[in-house]
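See below for the structure under consideration.
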Amino acid sequence: MTAVIIDDEVYCSDVVNILLTKHCPEVRIEAIFNDVLLAKEYLIKNQPDIIFLDIEMPRLNGFDLLLQLGNISSRIVFTTAYDQYAIKAFRFNAVDYLLKPIDKDELITAVKKSSTALS
């Protein structure tokens with residue numbers, strides 16, 4: 001499975017990258033973005049299997065990004081420090097909603113859910 005990580009905080013995107021690399025060898029990370037506008041440009045042209053997406057980001061939040069992209073085939077796993085967006089996330093057909101700090105077991109489960117959703 002291909003994946004893209006989008007988080008304005010470098011430390012947070014690095015943690016997701018490390019956890020995926022170490023515990024989810026079936027996931028190949030195509031790109032990591034700490035600037036949501038650069039991520040948007042990339043996603044207009046590319047459709048990874050999974051997008052690990054933060055919600056609260058400057059200039060454009062995760063929900064607005066998805067609205068601007070329109071109908072995409074990528075599975076969305078939200079990675080955020082805020083629990084109050086969970087219901088809204090599932091209205092965007094999120095496969096999972098992971099609270100920071102990301103738990104490796106929850107991440108593995110989210111990847112498995114994404115894999116099942118792709119089948």
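Test each condition in (1) over 14 Å from the mean Cα position of the chain (by Cα); (2) closer than 17 Å to Ile72 by Cα; (3) surrounded by 20 or more Cβ atoms within 10 Å (Cβ to Cβ) for Phe52 and report the one that comes out false.
(1)
Here are the criteria: (1) within 21 Å of Leu118 (Cα to Cα); (2) in contact with a strand residue (DSSP E or B) (Cβ under 9 Å, 6 or more places away or on another chain); (3) not aliphatic (A, V, I, L, M). Tell me which single one Ser13 does not satisfy.
With (1) within 21 Å of Leu118 (Cα to Cα); (2) in contact with a strand residue (DSSP E or B) (Cβ under 9 Å, 6 or more places away or on another chain); (3) not aliphatic (A, V, I, L, M) applied to Ser13, the lone miss is (1).
For the range 2-48, name all the residues that are part of a loop (DSSP other than H, G, I, E, B) and in contact with a helix residue (DSSP H, G or I) (Cβ under 6 Å, 6 or more places away or on another chain).
Listed by number, the residues that qualify are Asp7, Cys24, Val27, Asn34.
Do we have any residue at all in the range 11-28 that's open to solvent by less than 20 Å² (accessible area, probe 1.4 Å) and of a type in the set (S, T, N, Q)?
yes
List the pairs whose first member sits in the range 92-119 and is more than 24 Å from Asn71 (Cβ to Cβ), whose second member is in a loop (DSSP other than H, G, I, E, B), and whose Cβ atoms are under 6 Å apart, counting only residues at least 6 apart or on separate chains?
Pairs found: Lys100/Ala81.
Report, by residue number, each residue of the range 80-100 that is aromatic (Phe, Trp, Tyr), crowded, with 16+ Cβ neighbours inside 10 Å and closer than 10 Å to Gly62 by Cβ.
Tyr85, the sole residue that qualifies.
Those residues that are surrounded by 20 or more Cβ atoms within 10 Å (Cβ to Cβ) and among the hydroxyl-bearing types (Ser, Thr, Tyr), I need them from the range 101-119; list them, please.
Ser114
Does the range 60-68 include one or more residues that are under 24 Å from Lys112 (Cβ atoms), among the hydrophobic types (A, V, I, L, M, F, W, C), free of Cβ contacts under 8 Å to residues at least 40 places away in the same chain and in a loop (DSSP other than H, G, I, E, B)?
Looking through the range 60-68, none of the residues is under 24 Å from Lys112 (Cβ atoms), among the hydrophobic types (A, V, I, L, M, F, W, C), free of Cβ contacts under 8 Å to residues at least 40 places away in the same chain and in a loop (DSSP other than H, G, I, E, B).
The values are calculated or read from the model by the stated rules, or taken from the named source; none is laboratory data. Quick caveat, the model's predicted, so the values are computed rather than measured. Because the Cβ atoms are built from the backbone with ideal geometry, glycine has one as well, and the counts that use them run over all protein chains shown. Note: accessible area is taken over every heavy atom of the protein model, side chains too, but ligands, DNA and RNA are not part of it. Shrake-Rupley method; radii C 1.70, N 1.55, O 1.52, S 1.80 Å.
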